[in-house]
Amino acid sequence: MRSFYLFLVFASLAGCGEAVEPDPACLGEADDAVGWMPAFDASGLGAFFSVWGACHDDVWTVGGQPEVNGGVETGVAVHFDGATWAPWPHLPPSPVLHWVHGAGGEVFFAGEHGHLARVKGGDVEQFDMGLEMPLWGLFAVATDDVWAVGGDPSNPADGGALIHWDGAQWTITETEAVLFKVWGTSSDNLWAVGVGGVILHYDGGAWLPQVSGTTEDLVSLWGRSESDVVAIGGRGQGLGVRWDGSAWSPFELLTPGMSGTWMDSEGVVTAGGSRGTLARIDGAEVVIEDAGTMDLLHGIFGFDGGPRYAVGGSLTRQPPWEGVVLVDP
C-alpha cells in the first residue's frame, strides 16, 4: 500500500432524467454564517478517506493507519448518532478502510487488500476476496446490489476490478483499468471512473467505456440524475468532466489536484483535494472555500440544506497519518 501513497506525494463537477431523490426527513437548513470547522478531534485515529450518511443522525467516516515502524495496519470507522462522534466499537480488526456507503439499513466498507465488509444491525460480516489490490470505492444501490471498484495505481498495467454483491455473494470482474469510484442512480445505470480518464457505464448488462475527454486520472464522482453527473480529479491541477445525458464535457479547475466530490439536488457541486482545497461549483461559477487546513481532503458528502462534510488527512506525507474531519453546518 505504501507505494501508492508515495505515488500521491510525487503526483502531488443541469439536466433532467431520473432523479436521485433526497429523503425529506434528511433535509437540513444551512447556517451560512458558520463555515467549515472540525467535526471532532480526529487526532490519533489515522487519516480518513470517505464520509457518508443515511441521515443526519447516522453518519460514518472511515480510514485508518498503515503499518508504521513494524506496527499493525489498522482500519477505523467513526459513527455520528446525531449527538456524538465515536469510534465504532464493533469493528473487527481490519486494514485501512477507503470507502463507506449503504442502503436499506445496511452499511458496506471497502479497503486495502481487497477488504470488504457488511454491517447489518450490530453484526459485521467480513469477506476474503483473495485480492491484494486496494478497493477505493463502493456504491450500494440496494442491500442486494452493491458495487466495489479498485486496483493499484502504482502498477496500472495490472488492471483493476469491478466486484458485485447480489445479497449472497461477491462476483469479481477484472478490468484493464484501475478504478477509483463508482456511483449510480439505479441497478441499470451506474458509472465508474479511474486512471487515465477512464469512465465506464453500466446499463444493467455490461460495463462499456465512455469518451471522457481527458487522459488525466478521475478520482471521484457523484450526481443527481441520469443526466447530471460530475467526475473530478487531476494530479498536478484539478479538473472535472460533467455528463449532460448525452456526452461528457471537460472543464478546468484552477486548483491543485482534486480527490472527492458530492452534488446536491440543485446540481451544486462540492469538491475537495490537495492542500486543503475546497471548491463550490455552481454552473460556471467556482468559489474556493476556507477549509482551515492544508491537509488533503479525500472524501466529501452532504445533505441538501446542510450539513456538508469533508474528510482527509496528512496523506501526502509519510505516516503515521493525522486525520481531519470537517463539517459545514
Q. Hey, what does the equivalent ellipsoid look like for the stretch 269-312, semi-axes from the Cα gyration tensor as sqrt of 5 times each eigenvalue, largest first, whole Å?
A. 16, 13, 8
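Can you give the direction-averaged projected area of the convex hull of the alpha-carbon atoms in the stretch 249-291, in nm²? The partial results should precede the final answer.
Details: hull surface 12.5 nm².
Spelled out: convex hull of the Cα atoms, projected over all directions, averaged, 3.1 nm².
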(Q) So for the stretch 33-143, averaging the separation of alpha carbon pairs under 8 Å that are six or more residues apart and normalising by length, what relative contact order in percent results? (A) 19 percent
Q. PRE reach from MET294 (point 7 Å along Cα→Cβ): which of the stretch 228-268 fall under 15 Å by backbone N?
A. 256
**Q.** Under 14 Å, Cβ to Cβ, from PRO87 - net charge with Lys/Arg +1 and Asp/Glu -1
**A.** -2
(Q) From Cα pairs below 8 angstrom and at least 6 apart in sequence, can you work out the relative contact order of the stretch 193-265, rounded to a whole percent? (A) 26 percent
**Q.** Radius of gyration, Dmax [the stretch 192-240; alpha carbons; angstrom]
**A.** 11.0, 36
Q.
What distance in nm lies between label points placed 7 Å from Cα along the C-beta direction at GLU67 and ILE172?
A. 1.9 nm
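If you take the C-alpha gyration tensor of the stretch 161-217, multiply each eigenvalue by 5 and take the square root, what semi-axes do you get, largest first, in whole Å? Walk me through the numbers on the way to the answer.
Numbers: eigenvalues 85, 33, 15 Å².
Semi-axes from the Cα gyration tensor: 21, 13, 9 Å.
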Q) Rg and Dmax of the chain, Cα atoms, in Å? A) 17.8, 53
Q. Which parts of the stretch 121-140 would a label at ASP158 reach, counting a residue when its backbone N lies under 12 Å from a point 7 Å out along Cα-to-Cβ?
A. 131-135
Q | Span from the the stretch 37-98 Cα centroid across to the the stretch 224-289 one, whole angstrom | A | 25 Å
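Tell me the net charge near ALA177. Cut-off is 13 Å between Cβ atoms, ALA177 excluded, with +1 for each Lys or Arg and -1 for each Asp or Glu. Mind dumping the intermediate values first?
Values: positive: LYS181; negative: ASP152, ASP158, GLU174, GLU176, ASP217.
It works out to a net charge of -4.
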Q: Take every Cα pair under 8 Å in the stretch 47-92 that's 6+ residues apart, average their separations, divide by the length, and report that relative contact order as a whole percent.
A: 29 percent
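Each value in this text was obtained by applying a stated rule to the coordinates, not by laboratory testing. Just so we're clear, the structure is a prediction, and the values are computed from it rather than from any experiment. Methodologically, a virtual Cβ is constructed for each residue, glycine included, from the backbone with ideal geometry; neighbour enumeration extends over all protein chains shown.
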